[in-house]
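Bear in mind these aren't lab numbers, they're just calculated from the coordinates by the rules spelled out. Nothing here was measured: the structure is a model prediction, and the numbers come from that model. Using ideal geometry, Cβ is built from the backbone for each residue, glycine included, and neighbour counts are taken over all protein chains shown.
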Amino acid sequence: MNKLKLILIVFCLGFSVHKYYVSTSLFNFTDSNSLQITVRLFKDDFKEAFKKKYDINDILTDKMLIDSLYHNNINNYFNSFLIVLLDDVKNKLNFLGLENKNDMYVFYLEIENLPDFNNLSIDNKLLFDIYSAGESEINQISSQNIIKKIKQKKGTYLNNFADAERAILKKINTNSIVLIMGAGNISEFVKSFVED
């Protein structure tokens, strides 16, 4: 199988020490027929989501999370909020461990012995449970400002689906994987895009 890397960046607006909730995920298909997944999350965001899901009132330290005390819960958290479907079949993620990198945790997961597949679907809802949908507009936080803050300057703000579809079609070919993420009525765009 050819090596394929897929990078997901999820931005969720909300209140926090930093202005944005950010999850970055790297999906790497290996020659040994496995899918290696690396996820980076801000520590405070992960701890808040994790404590909420498992009703933990104690203070969570880095050591508690890095040591094996909560590894089963971490494995269950990722299997609940990061769904990988191959030909519409859910695949179980195996949590391998995590590292402490400054203000972020780096999580390592894997799916071994991948079957042959034609369709890949990833449903990444990490951190979605720590903010409410439909909240009032937050001062200085918008799609345009997120694009301005991206340091690599590879982002483009498009304010409607027609412009987004044209921009995507200019950049893809028959071997492309298109990843569309969002909230609200994004599913309408996906359905329209796939049908066209």
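Once both labels are positioned 7 Å from their Cα atoms along Cα-to-Cβ, the gap between residue 114 and residue 33 label points is 1.2 nm. Over 29 Å between C-alpha atoms is what I'm after, so list which of 47/191; 101/170; 51/101; 53/191 land there. The pairs that break the limit, which is 29 Å between Cα atoms, are 47/191; 101/170; 53/191.
Counting 0.36 nm for each residue step from residue 102 to residue 57 and taking away their Cα separation leaves a gain of 13.8 nm. Charge tally around residue 96: other residues with Cβ under 11 Å, Lys/Arg +1 each, Asp/Glu -1 each, net -3.
A cut-off under 12 angstrom between Cβ atoms defines the neighbours of residue 84, and their net charge, with Lys, Arg +1 and Asp, Glu -1, is -2.
Computed from the Cβ-Cβ distance with R0 of 41 Å, the FRET efficiency linking residue 76 to residue 168 stands at 0.75.
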